[in-house]
Amino acid sequence: MLKAVILIGGPQKGTRFRPLSLDIPKPLFPIAGLPLVQHLIEACVANEGLSEILLIGFYPSAQIQPFANEMQQIYNVTIKYLQEFTALGTAGGLYHFRDQIRFGNPEGFFLMNGDVCSDFPLKELYEFHKQKKALVTIMGTEATRHQSLNYGCIVTNRETNEMTHYVEKPSSYVSTLINCGVYVCSPDIFHTIGAVNNELQERYRNGYMNGTREAGYIQLEQEILAPLAGTGQIFVLPVVNWWSQIKSAGSAIYANRHYLQLYKTKFPERLARSKGQGETCTIYPDVHVDPTAVIHPSAVLGPNVSVGPGATVGAGTRLKESIVLRDASIDDRSLVMHSIIGRGSHVGRWTRVEGTPSDPDPNKPFTKMENPPLFNKDGRLNPSITIVGCSVSVPSETILLNSIVLPNKELSRSIKNEIIL
Ligand code: GDD
Ligand code: GTP
């Protein structure tokens, strides 16, 4: 029997994803029509013998439990939300809920950061883990020298794939092989975490922690994985599959494109078909349109567009490289490009909503998405996609360029390179 644990964090995490995560927890933000973590759940349930998925986080239960119930219904696998009383770090929650994870004696479990996306090669990862008789197996991928500093960096023995050295977000170059935040763990990992926890508790009791962190807070990367390096128990499977973190809003557009691409082979029924093939409007693949959305026959959608439930798109309107969320409406002859239109927002007619594309550099191999903070060092807004928060009204005949509009605003003029608070 196999299980999966997905770390979904909580309200204080994912700050770079605001304002998109102001009205919906980041793990539930829809990408290619499905909540971000549903893609992870789908990858997990595709493994034979997987019987339970545990979502661990510190969001209030009311925000995640209904979603967990819905997922359980859809996939017919036990899916539970386990709420940490406070942020316990990437291994603290895991340890706190160890009895639930070990219940039923699983042979092992997948452990995934809830904010990554990929065509997860979980089967290969598990086979590799069994073959190596590993305590932990990490999915690794190649990054550029410069970008590797934003991730966990791994050094391995090239022949055996054993991890010999690990540094989390190093300040200078260590390795271009990075941690994807996707692991297979054997249940014995709890002995290792237990020993670390005892040591931390001892230090905590003796006042060494100085109130800097909660008792029970444990960092998986620094306190568990790094010390395991070179012990013969931890291995890395380097993969070339598509993989990305979702940190900034721009990475949602990037992930949207790749999940839509994956639908071509895995779930073609989720993609909108072009005119003449049963669809009423012009589609440049890949596009996902919820069946309850209303699109005018003269609208032109794509590539890389997702339109949520109940949304409406008017006559002659053009959508490209964008996500339109539930119940948003875009009136006639407007253009939306490199943007996200929030839930229930309204864009008038003859309006142009445009952002700056923020894809990884296609000319540099292994480049990942940059996830810069909202402002640069001079205090200026970094160019990014345009984000229209939920329930915003953008008037007709205006231009909204490279801007972020917080929820519930009624704009009255054109806006360029601004954050509207
Ligand atoms: N339940 C819970 N509790 N989840 C948490 C907590 C916590 O206290 N803290 C973080 N998480 C979740 C986040 O929601 C996210 O899904 C994941 O754990 C990792 O989050 P971060 O701590 O923000 O780390 P990171 O994303 O910057 O880096 C991690 O992921 C990279 C790959 O995406 C590290 O594991 C890196 O080594 C790795 O390269
Ligand atoms: P999370 O999104 O949950 O990680 O929270 P956060 O936005 O507060 O970010 P985190 O604590 O992970 O990182 C702190 C800061 O590091 C960010 O605000 C960025 O300034 C910087 N940073 C982290 N990752 C990247 C990256 O991939 N690229 C760039 N340019 N900066 C990064």
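The modelled label-to-label distance for the pair S393/V155, using points 7 Å beyond Cα in the direction of Cβ, is 6.1 nm.
Label zone of H165 (point 7 Å out along Cα→Cβ, amide N under 19 Å): in the range 220-255 this covers 221-238. Each peptide in 43-52, 313-322, 298-307 was scored by the mean count of other Cβ atoms within 10 Å over its residues; highest first, the order is 298-307, 313-322, 43-52. Remark: spin-label model distance F375-E70 equals 3.6 nm, labels positioned 7 Å along the Cα→Cβ axis.
Considering only R98, R18, R257, the Gaussian network model of the chain with Cα springs below 10 Å gives its largest mean-square fluctuation to R98. Among F85, F97, F120, the residue with the largest mean-square fluctuation in a Gaussian network model of the chain, with springs joining Cα atoms closer than 10 Å, is F85. Sorting T351, T137, T78 from the fewest to the most surrounding beta carbons within 10 angstrom yields T78, T351, T137.
Peptides 243-255, 101-113, ordered by how many other C-beta atoms sit within 10 Å of their residues on average, highest first, read 243-255, 101-113.
With a threshold of 20 Å on the Cα-Cα distance, the over-threshold entries among K13/K169; K13/K377; K3/K123 are K13/K377.
Computed extension gain for Q201 through N363, at 0.36 nm per residue and net of the alpha carbon distance, reaches 53.4 nm.
Could you tell me the relative contact order of the chain? Use alpha-carbon pairs under 8 Å, at least six residues apart, and round to a whole percent. The value is 13 percent. Report the local net charge at K364: Lys and Arg +1, Asp and Glu -1, summed over other residues whose C-beta lies under 15 Å from its C-beta. Result for the neighbourhood of K364: -2.
Using every pair of distinct Cα positions in the range 39-170, the Kirkwood expression returns a hydrodynamic radius of 16.8 angstrom. For trypsin sites (Lys or Arg not before Pro), the sites in the range 154-208 that DSSP calls loop and that have at most 15 other Cβ atoms within 10 Å are R158. The alpha-carbon of K320 sits under 25 angstrom from the alpha-carbons of these lysines, leaving out residues fewer than 8 places away in its chain: K26, K247, K264, K266, K275, K364, K368, K409, K416. Just checking the listed ones, H39, H296, H129: in the Gaussian network model of the chain with Cα springs under 10 Å, the one fluctuating most is H296. Segment S51..L421, full-extension length gain: 128.7 nm, with 0.36 nm per residue of separation and the alpha-carbon distance subtracted. Site pair T78 and T15 shows an inter-label distance of 3.8 nm when each label is modelled 7 Å from Cα along Cα→Cβ. Starting from 0.36 nm per residue, how many nanometres of slack lie between S172 and V294 once their C-alpha separation is accounted for? Stretched fully, the S172-V294 segment lengthens by 38.8 nm. In this structure, T231 and S61 have a Cβ-Cβ separation that, at R0 = 45 Å, corresponds to a calculated FRET efficiency of about 0.75.
A protection proxy built from the mean count of other Cβ atoms within 10 Å ranks the segments 395-406, 362-373, most packed first, as 395-406, 362-373.
Considering the chain, its Cα convex hull presents a mean projected area of 21.1 nm². The mean sequence separation of alpha-carbon pairs under 8 Å and at least six residues apart, normalised by the residue count of the range 132-264, gives a relative contact order of 34 percent.
We did not get these values from a lab; they are worked out from the coordinates using the rules stated. Keep in mind that this is a model prediction, so the values were computed, not measured. Heads up, the Cβs are rebuilt from the backbone with ideal geometry, glycines too, and the neighbour counts pull from every protein chain shown.
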